[in-house]
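A short worksheet on the structure shown next.
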Amino acid sequence: MNPALGRLVAYPFERLAALKAPLTPPPSLRHIALSIGEPKHPPPPFVIQALQQAMGELGSYPATKGLPETRVAAARWLERRFTLPAGTVDAERMVLPVNGTREALFAFVQAVVDPTAPAPLVLMPNPCYQIYEGAAFLAGAEPYYLNTTAENAYLPDLDSVSADTWQRCQVLFLCSPGNPVGAVMSRDYLQRALQLAEQHDFVIAADECYSELYDDELQPPASLLQAAHAMGNTAFRRCMVFHSLSKRSSVPGLRSGFVAGCPELMAQFLLYRTYHGCAMPLPTQRASIVAWNDDAHVTANRALYREKYDRVVPILSEVLDVERPAGGFYLWQKVPGDDVAFTAGLFATQNITVVPGSYLARETAQGNPGTGRIRLSLVASLDECVEAAHRIREFVTRR
């Protein structure tokens, strides 16, 4: 077996299940799950209709590269959403459909990392999506954690990294809006990352799957492609962005997204994927095309999350110091005492499941940046989120 498998850490939800196993919550309270970032809003009917109408195409093998219409829909959406000039994103050479960002983020690192290089590193925010870490291990690299805390506005401090570390870096993961911190990276920040990539010869993998969930309608998050284009990098050298319909269109089960960026990187990634066996089914592509071509349902979806923050934050603010994030659908909430004990107590007394922050981060010389925090996913219905906020308030008051 690949010895790197032994280095993989149990997924946060496995640890959470073990934590909850000996506990019995009050049966009089319905369970409210604020743990998994799985959107529960109804999917757009026209997406479901397109999926159903295309079921006859299940009799055909899909091409790894995807339908031209799928790539075009993604390319035009990128240009429309991130105010890029028409034709900037070459649908033929710069876009690939993927089965959700999770599998693509993992696969990209396997394709890009050179394990024969001296002590290769994959840099990533801490806390982060655990796929980044696992991808690094299994590609033969070491993860290098960049703590995101209140002191650095929950953004990786790029200028605190030594030149030697940057020289060993092969991939830098960025996530904006961040999971779980909700911080949004400015165009200037992204351009600084690109400057470092050029200087030290590494690739940036920008996880932008939360880009359509943001608090200020007048200030949508920037994209790495947008930042690159603004600084004259119109070929998107060293850039790869990852987008998904899961959060944007509330269809996590569709497993649909795309990767876009540097044509040279994309050609090699396509070669990898032809062997990897991960072509997107044609019905999924048909549904994806209509989803990427429509923006109105995304605006409505974003408004639903904004309403949840409007209702939940004031309730929790009565007993906790709440920071409303700029993007995403999480609250990265500081809690009194130990985050694991808080999570267990909340489940045992209020039948609410959240995730301990320390489960989502890694220990470093500066400590675990998730310690003393929990992640609340505001994916349940509005009524459930409000009810959960009241129960959390009660739990904190009685501690």
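The values are calculated or read from the model by the stated rules, or taken from the named source; none is laboratory data. Computed from a prediction, not measured in an experiment: that's the story for all the values here. Note that each Cβ is placed from the backbone with ideal geometry, even for glycine, and that neighbours are counted across all protein chains shown.
Here are the numbers for this structure:
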item: Condition met for SER317 (hydroxyl-bearing (Ser, Thr, Tyr), more than 24 Å from the chain's Cα centre (by Cα) and farther than 29 Å from THR24 by Cβ); result: yes
item: Residue in region 204-212 that is free of Cβ contacts under 8 Å to residues at least 40 places away in the same chain, under 14 Å from the mean Cα position of the chain (by Cα) and within 20 Å of TRP292 (Cβ to Cβ) present; result: yes
item: Test: TYR305 is among the hydroxyl-bearing types (Ser, Thr, Tyr), in the same structural domain as THR24 (by TED's automatic domain parsing) and either part of a helix (DSSP H, G or I) or on the phi > 0 side of the Ramachandran plot (or both); result: yes
item: Residues of region 31-81 satisfying the condition of being charged (D, E, K, R) and under 29 Å from the mean Cα position of the chain (by Cα); result: GLU38, LYS40, LYS65, GLU69, ARG71, ARG76, GLU79, ARG80, ARG81
item: Selection status of GLU103, among the acidic types (Asp, Glu), under 26 Å from PHE236 (Cβ atoms), at pLDDT 95 or above and outside any helix (DSSP H, G or I); result: no
item: Of all residues in region 246-275 being within 15 Å of the chain's Cα centre (by Cα) and β-branched (Val, Ile, Thr), the one that is farthest from TYR214 (Cα to Cα); result: VAL259
item: In region 238-267, the residues that are under 23 Å from VAL379 (Cβ atoms) and of a type outside the set (S, T, N, Q); result: PHE242, HIS243, LEU245, LYS247, ARG248, VAL251, PRO252, GLY253, LEU254, ARG255, GLY257, PHE258
item: Qualifying position, being in contact (Cβ under 8 Å) with a residue 24 or more places away in the chain, of a type in the set (A, V, I, L, M, F, W, C) and over 30 Å from GLU14 (Cβ atoms), among ILE36, ILE32, ILE131, ILE48; result: ILE48
item: Odd one out for VAL203 among (1) over 23 Å from GLN333 (Cβ atoms); (2) surrounded by 23 or more Cβ atoms within 10 Å (Cβ to Cβ); (3) in contact with a helix residue (DSSP H, G or I) (Cβ under 6 Å, 6 or more places away or on another chain); (4) not polar (S, T, N, Q); result: (2)
item: Top-ranked residue in region 317-361 [being within 30 Å of PRO220 (Cβ to Cβ) and charged (D, E, K, R); ranked as surrounded by the most Cβ atoms within 10 Å (Cβ to Cβ)]; result: GLU323
item: Single residue of region 67-83 satisfying the filter (part of a loop (DSSP other than H, G, I, E, B) and touching a helix residue (DSSP H, G or I) at 6+ places or on another chain (Cβ under 6 Å)) that is surrounded by the most Cβ atoms within 10 Å (Cβ to Cβ); result: PHE82
item: Residue selected from region 18-73 under the condition touching a strand residue (DSSP E or B) at 6+ places or on another chain (Cβ under 7 Å) and among the β-branched types (Val, Ile, Thr), by the criterion nearest to ALA91 (Cα to Cα); result: THR70
item: Residue in region 127-142 that is over 25 Å from GLN268 (Cα atoms), surrounded by fewer than 24 Cβ atoms within 10 Å (Cβ to Cβ) and touching a Lys or Arg at 6+ places or on another chain (Cβ under 7 Å) present; result: no
item: Residue match in region 43-57 (condition: touching a Phe, Trp or Tyr at 6+ places or on another chain (Cβ under 6 Å) and either surrounded by fewer than 19 Cβ atoms within 10 Å (Cβ to Cβ) or of a type outside the set (Asp, Glu) (or both)); result: no
item: Enumerated helices (runs of 4 or more DSSP H) restricted to region 153-268, each holding at least 3 residues that are of a type in the set (S, T, N, Q) and modelled with pLDDT of 95 or more; result: 187-200
